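Enquirer: Dropping the structure in here first, questions after.
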């Protein structure tokens, strides 16, 4: 892996943890990292209502805070939605966009996510852009075509100054919350394909510097094998990030 490529371990809490529970988790994680620091970038994505408190809780620790989504419009009559500007104003540095659960449950398309990426980067947020296939698509042999389409539709046409703020997370949908995990070889194969796709759009320099994370049921038991792959630059962690020791163990895998 090129030295310039950032290593990122990100926690997606999804719709879990009350404010009290979330802050307690951050305190525990910070204690663990204080005793054994890491050179990797550590990101936590709590629910919206925790964001400002989380930013204060991790101030001066090196831990970055992400939101789990944002709206594509800068403002307006969108009851219940949160804008990128609002996220930036409370101190969030990252936002997760295009997660498979947003696509599956809320009908988000690649075109919509592309709008969100533009809005987020316009507001100085770094984006963790998710892509990946279902079990049916993998078994049908269309997984490469699907992932290429997701990436091309979402980022093609953006200038390099936008792409430098985009991290890609490959999440095989069949391995999210199912207990299944892509093998290290399967993960490496898709990550290399994603980097090749990015090179075809933006050139090898940008492709080689873009972090690509694995996001499919990574846990302490399999993290080392996955993270040792040359094109796997970190992880987007779901369930295992809800336990401070487990998330810490993945960070140090």
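The values are calculated or read from the model by the stated rules, or taken from the named source; none is laboratory data. All values derive from a computational prediction rather than experimental measurement. Note: ideal-geometry Cβ built from the backbone for every residue, glycine included; neighbour counts use all protein chains shown.
Enquirer: Quick test of your reading of the structure: residue 237 fulfils all but one of (1) under 18 Å from the mean Cα position of the chain (by Cα); (2) free of Cβ contacts under 8 Å to residues at least 60 places away in the same chain; (3) under 26 Å from residue 16 (Cα atoms). Name the failing condition by number.
Expert: (2)
Enquirer: Could you grab me the full set of residues in the range 76-89 that are assigned to a loop (DSSP other than H, G, I, E, B) and touching a helix residue (DSSP H, G or I) at 6+ places or on another chain (Cβ under 7 Å)?
Expert: 82, the sole residue that qualifies.
Enquirer: Just the residues that are assigned to a loop (DSSP other than H, G, I, E, B) and crowded, with 23+ Cβ neighbours inside 10 Å, please, taken from the range 218-237.
Expert: If the condition is that a residue be assigned to a loop (DSSP other than H, G, I, E, B) and crowded, with 23+ Cβ neighbours inside 10 Å, then 218, 232, 233 are the ones that fit.
Enquirer: Among 65, 44, which is in a strand (DSSP E or B), touching a helix residue (DSSP H, G or I) at 6+ places or on another chain (Cβ under 9 Å), in contact (Cβ under 8 Å) with a residue 12 or more places away in the chain and closer than 17 Å to residue 250 by Cβ?
Expert: After ruling out the rest, the residue left standing is 44.
Enquirer: Of the residues 125, 112, 87, which is within 15 Å of the chain's Cα centre (by Cα) and either at pLDDT 95 or above or crowded, with 16+ Cβ neighbours inside 10 Å (or both)?
Expert: That would be 125, the only listed residue that is within 15 Å of the chain's Cα centre (by Cα) and either at pLDDT 95 or above or crowded, with 16+ Cβ neighbours inside 10 Å (or both).
Enquirer: Another question about this same structure. Given the criterion under 26 Å from residue 188 (Cβ atoms) and out of contact with any strand residue (DSSP E or B) (no Cβ under 6 Å at 6 or more places or on another chain), identify the matching residue among 81, 145, 108, 115.
Expert: 145
Enquirer: A further question on this structure: Looking at 142, 134, which is the one that is at pLDDT below 95 and within 23 Å of residue 14 (Cβ to Cβ)?
Expert: None of the other options fit; the residue is 134.
Enquirer: Something else: Output the residues belonging to the range 147-179 that are modelled with pLDDT of 90 or more and farther than 22 Å from residue 206 by Cβ.
Expert: Of everything in the range 147-179, just one residue is modelled with pLDDT of 90 or more and farther than 22 Å from residue 206 by Cβ, namely 172.
Enquirer: Have a look at 73, 92, 59 and point out the one that is assigned to a loop (DSSP other than H, G, I, E, B), touching a residue at least 40 places away in the same chain (Cβ under 8 Å) and surrounded by fewer than 21 Cβ atoms within 10 Å (Cβ to Cβ).
Expert: Within the list 73, 92, 59, the selection yields 73.
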